[in-house]
Amino acid sequence: PIILDHQLSFAPNHQLQSTIKLNPDSITLSGPNSLLENFTSWPTTLLSIEQLKKSITRPLALQPNDIPQIQLSETNVEVHIPVEQFTEKSIFVPVTVKGAPDSLKVFPNKVKTNFVVGLSRYDSIFPKDFRLEVNLKGVPINQSNNTAPILLTKRPLAAKNIQFSPKSVQFLFVKE
């Protein structure tokens, strides 16, 4: 496999859209076994780019081979860096209660959740993609302070810097 040696910085409000791709992603080394057994990968030369704000594709040289008995199948690769703008999105996510009787209600039952997402995925993230849970198993239910922490137990990979408020719920019994 080829290992990308890189130092990248992004323009404000920009990030990687997906993983960086190399083509080819691996090369073949030929030579004496005693020399080849020392290699598990081959690095590229340093790719240094600042203030990225759009996707780029460019050729990149592999590190030079300084062992004459070893031949590389390729000396260059093509690197593709997918970049996109990101923004903040807010949604209300329902709170799931575990370990509680049916007559127990929590307040609030939905929590405002903010996160950063790339523009290409903005319309594809919904409340069902998150799970905010309160686990009341083992929590004394008849105390004066009826609060429990909310835990984020499921999240979409595209969502970054997830914040939600409040961080806890109040719970109470409802008599039929």
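None of 77, 111, 97 is of a type in the set (A, V, I, L, M), more than 24 Å from the chain's Cα centre (by Cα) and modelled with pLDDT of 95 or more except 77.
Does residue 29 satisfy being aliphatic (A, V, I, L, M), touching a helix residue (DSSP H, G or I) at 6+ places or on another chain (Cβ under 9 Å) and in contact (Cβ under 8 Å) with a residue 12 or more places away in the chain?
yes
With respect to the stated conditions, residue 49 fails to be touching a helix residue (DSSP H, G or I) at 6+ places or on another chain (Cβ under 6 Å) and not acidic (Asp, Glu). Filter the range 1-22 down to the residues that are more than 30 Å from residue 87 (Cβ to Cβ) and in a strand (DSSP E or B), then identify the one that is most open to solvent (accessible area, probe 1.4 Å). Applying the filter and picking the extreme gives 3.
Restricted to the range 73-176, the set of strands (runs of 3 or more DSSP E) holding at least 3 residues that are among the β-branched types (Val, Ile, Thr) and open to solvent by 40 Å² or more (accessible area, probe 1.4 Å) comprises 83-98.
Taking the range 40-72 as the search range and keeping residues that are assigned to a loop (DSSP other than H, G, I, E, B) and either among the β-branched types (Val, Ile, Thr) or closer than 13 Å to residue 23 by Cα (or both), which one is least open to solvent (accessible area, probe 1.4 Å)? Of everything passing the filter in the range 40-72, 70 is least open to solvent (accessible area, probe 1.4 Å). Yes or no: the range 28-39 includes at least one residue that is surrounded by 14 or more Cβ atoms within 10 Å (Cβ to Cβ) and β-branched (Val, Ile, Thr). No, the conditions are met nowhere in the range 28-39.
The values are calculated or read from the model by the stated rules, or taken from the named source; none is laboratory data. All of these numbers come straight from a predicted model, not from anything done at the bench. Neighbour counts run over all protein chains shown; Cβ positions are idealised from the backbone, glycine included. Just so you know, the surface numbers come from the protein's heavy atoms only, side chains and all, with ligands and any DNA or RNA stripped out. Shrake-Rupley method; radii C 1.70, N 1.55, O 1.52, S 1.80 Å.
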